[in-house]
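To keep things clear, I will list the structure first and then write my remarks on it.
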């Protein structure tokens with residue numbers, strides 16, 4: 001999904017443009033931090049873990065090409081404020097750059113250190129993904145012995161968001177490989193359809209049994225007893241266990257609690273932010289209203305002021321938060337590469353962070 005290349009004209013960061021999926025697989029080539037910032041804001045690259053990797057590579061790109069690293073770091077960290085992994089990745093590469101520069105005084109050595117930090121983060125995320133999948137499946141099997149799991153997921157949490165096979169989707173994929181997945185229920189995830197465009201794309205490529213549903217059909221699915229567990233990723237987890245994830249996650253948690261269905265969050269420890277005390281302290285990104293009032297699909301003719309096909313009258317005001325926040329009392333467990341935290345409380349998360357949080 002992301003790779004560093006060094007052609008003769010200089011290093012570049014190559015990304016799979018996720019806005020073009022599933023119709024076509026197109027790559028974006030970023031030659032500087034501003035190009036990467038735009039790719040992040042446009043959701044060409046997205047997903048908390050992958051944003052952390054991209055942010056680290058962005059610092060390395062600025063350093064290697066001789067741009068102002070501090071300026072690039074500020075721009076990258078501000079590109080999407082809710083996803084804490086982005087700032088974690090940027091800070092890690094920036095710290096490596098600063099330390100090497102202070103030690104050697106050599107900009108080339110400092111740039112190499114930033115790149116090494118980005119590559120290390122990339123590798124660690126792939127390893128964390130594999131461990132999350134194993135811990136998540138073990139926890140799921142403990143809650144629901146016998147297999148035949150029917151899992152509902154929201155947004156996209158597979159290899160498109162990760163250096164490995166993902167977070168929540170990786171758990172479902174592990175269940176599929178072990179013959180213990182009966183059905184993956186995929187929410188469309190309006191307004192940008194990351195479930196329909198991306199999760200269904202990944203499920204189809206993996207040969208999983210999956211069914212797509214509109215977000216507002218989830219309630220009837222729970223009522224029919226067709227959901228055994230909800231698995232989602234996270235963009236930020238506050239110190240008290242509040243979880244910020246793609247908007248629409250909180251209503252699923254409420255439905256899950258009412259119907260006595262486990263609601264499980266799968267995320268690397270880098271997503272836990274001890275500096276954010278509670279859910280109310282999480283900055284929720286507000287996206288352009290045109291994402292709601294217009295349908296933006298590569299094959300659809302561009303006719304609206306925001307660049308898509310209008311689905312509401314011109315001038316309609318839209319409320320479009322990118323994320324919502326689920327309180328910890330509605331979360332059955334948070335699964336990380338270090339294991340599952342359950343029950344989810346400030347105390348259990350503090351114990352986790354004492355061992356492994358960045």
Residues being in a helix (DSSP H, G or I) and out of contact with any strand residue (DSSP E or B) (no Cβ under 8 Å at 6 or more places or on another chain) - total across region 48-88 = 22
Check on residue 119, over 30 Å from residue 5 (Cβ atoms) and either more than 17 Å from the chain's Cα centre (by Cα) or assigned to a strand (DSSP E or B) (or both) | no
Failed criterion for residue 179 (all others in (1) without any contact (Cβ under 8 Å) to a residue 60 or more places away in the chain; (2) more than 21 Å from residue 51 (Cβ to Cβ); (3) buried (at least 24 other Cβ atoms within 10 Å of the Cβ) hold) = (3)
Can you name the helices (runs of 4 or more DSSP H) wholly within region 186-273 that have at least 2 residues being over 17 Å from residue 169 (Cβ atoms) and in the same structural domain as residue 154 (by TED's automatic domain parsing)?
-> 218-223, 249-258
Could you give me the residue pairs with C-beta distances under 8 Å whose first residue belongs to region 219-245 and is free of Cβ contacts under 8 Å to residues at least 24 places away in the same chain, whose second residue is crowded, with 24+ Cβ neighbours inside 10 Å wherever it lies, and which are 6+ apart or on separate chains?
-> none
In the set 113, 79, 138, which member is crowded, with 19+ Cβ neighbours inside 10 Å and within 24 Å of residue 234 (Cβ to Cβ)?
-> 79
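The values are calculated or read from the model by the stated rules, or taken from the named source; none is laboratory data. Please read all numbers here as calculations on a predicted model, not as lab measurements. Cβ atoms come from the backbone with ideal geometry, glycine included; neighbour counts cover every protein chain shown.
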